[in-house]
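Everything on this sheet refers to the single structure shown next.
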Amino acid sequence: MNKLSMPYPRVFFLTSLAMIAFAGNSLLCRAALKHTGIDAASFTSIRLISGALMLWLVVRMRGGTTSGSGNWLSALALFVYAALLSYAYASLPTAMGALLLFGAVQATMIAHGIRAGERLLKLQLVGLVLAFAGLVGLLLPGLSAPPLSGSLLMLGSGVAWGVYSLRGKGAGDPTRVTAGNFLRAVPIAAVLSVLMYDQTSLDSAGFWYAVASGALTSGIGYAIWYTALPALQATKAATVQLSVPVIAAAGGTVFLGEPLTLRLVLSSIAILGGIAMVILEKQHAHRSR
């Protein structure tokens, strides 16, 4: 069956699995960096190695198209995303990190569109102001404010992932391209581990968290997402990803015992709601033409 005619229940199931996997990345990274002895550089290297091996296996088993193999610039963006994510989660709670990450990803996408000549409608401008106000409210000093250094690292991680996603458009078979980029990111991560050798710290729990993050929630997660993606409209694909911080927040509360503060809830509504306004109004504008 053509992917574009995939039955809705299957699309919904695969999309839900992918979003849970993406949220699982945040949970595993936070659990490892907070509750085990592994250091951020080692977590990043093990995650990328595990992801590369799993994606290589998926590509080999699936066969099919051979278009696209990745490139070094995209691999560098992938590495920056993964490394900054690891260092950020040494201090950020799961929900806070996921919110900043995916907010930055979408902001990067929107900024790219504006730079390419897209004009924002009034409702989209309102959405951007709302999202920015939510970000400012989240980062303002206070008892429940996240650490500024960790927040900046996570925002940088989101920008890197946004750049990686933009570079990947039209680059060929997305699973094969991602596998190639993961493979190229491994030696870059190895350089980081060498540079941070004095801070290297490993334990079995942290190691397996990193393997799970790379092989399962990254490798298999991306493969599932790219299977469902052709059956989703671009707008739906963008908006459904806004569910990831919500899933991560629920997972952080249930599995890691992290509290949900009023500041986080209100900021999440403002940031995710504002971004959703931009995305959905863009779809409405295209339909009206």
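Within the stretch 29-47, can you find the residues that are of a type in the set (S, T, N, Q) and outside any loop (DSSP other than H, G, I, E, B)?
Step one: filter the stretch 29-47 for residues of a type in the set (S, T, N, Q), giving 36, 42, 44-45.
Residues satisfying the conditions are Ser42, Thr44, Ser45.
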Exercise for the section: Can you give me the number of residues within the stretch 196-208 that are over 9 Å from Thr36 (Cβ atoms), in contact (Cβ under 8 Å) with a residue 60 or more places away in the chain and in a helix (DSSP H, G or I)? Expected result: 1
Practice task
Answer with yes or no whether Ile20 is closer than 15 Å to Leu216 by Cβ and more than 17 Å from the chain's Cα centre (by Cα).
Solution key: no
Handout entry: Conditions (1) of a type outside the set (Asp, Glu); (2) under 24 Å from Leu280 (Cβ atoms); (3) crowded, with 20+ Cβ neighbours inside 10 Å; (4) modelled with pLDDT of 90 or more; number of the one not met by Phe182
Key = (2)
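Looking at the stretch 2-20, is at least one residue of a type in the set (Val, Ile, Thr) and at pLDDT 95 or above?
Looking only at the stretch 2-20, we keep the residues that are of a type in the set (Val, Ile, Thr), and these are 11, 15, 20.
From what is left, the residues that are at pLDDT 95 or above are 20.
So far as the stretch 2-20 goes, yes, one or more of its residues are of a type in the set (Val, Ile, Thr) and at pLDDT 95 or above.
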Handout entry: Inter-residue pairs, beta-carbon under 7 Å, first among the small types (Gly, Ala, Ser) and in the stretch 68-88, second assigned to a loop (DSSP other than H, G, I, E, B), 6+ apart
Key = Gly68/Ala171; Gly68/Gly172; Gly68/Asp173
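Considering only residues that are part of a helix (DSSP H, G or I) and not hydrophobic (A, V, I, L, M, F, W, C), which ones fall in the stretch 116-130? Break it down into steps so the answer makes sense when it comes.
Let us first name the residues in the stretch 116-130 that are part of a helix (DSSP H, G or I), namely 122-130.
Lys122, Gln124, Gly127, listed by residue number.
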Handout entry: Output for the stretch 131-173, where each listed residue is farther than 20 Å from Val265 by Cα, outside any helix (DSSP H, G or I) and either aliphatic (A, V, I, L, M) or more than 18 Å from the chain's Cα centre (by Cα) (or both)
Key = Gly170, Ala171, Gly172, Asp173
Fill in the blank from the handout: Within the stretch 231-278, residues being outside any loop (DSSP other than H, G, I, E, B), in contact (Cβ under 8 Å) with a residue 24 or more places away in the chain and charged (D, E, K, R) number 1
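The values are calculated or read from the model by the stated rules, or taken from the named source; none is laboratory data. Remember, it's a predicted structure, so these values are computed and weren't measured experimentally. Neighbour counts are summed over all protein chains in view; Cβ atoms, including those assigned to glycine, are modelled from backbone coordinates with ideal geometry.
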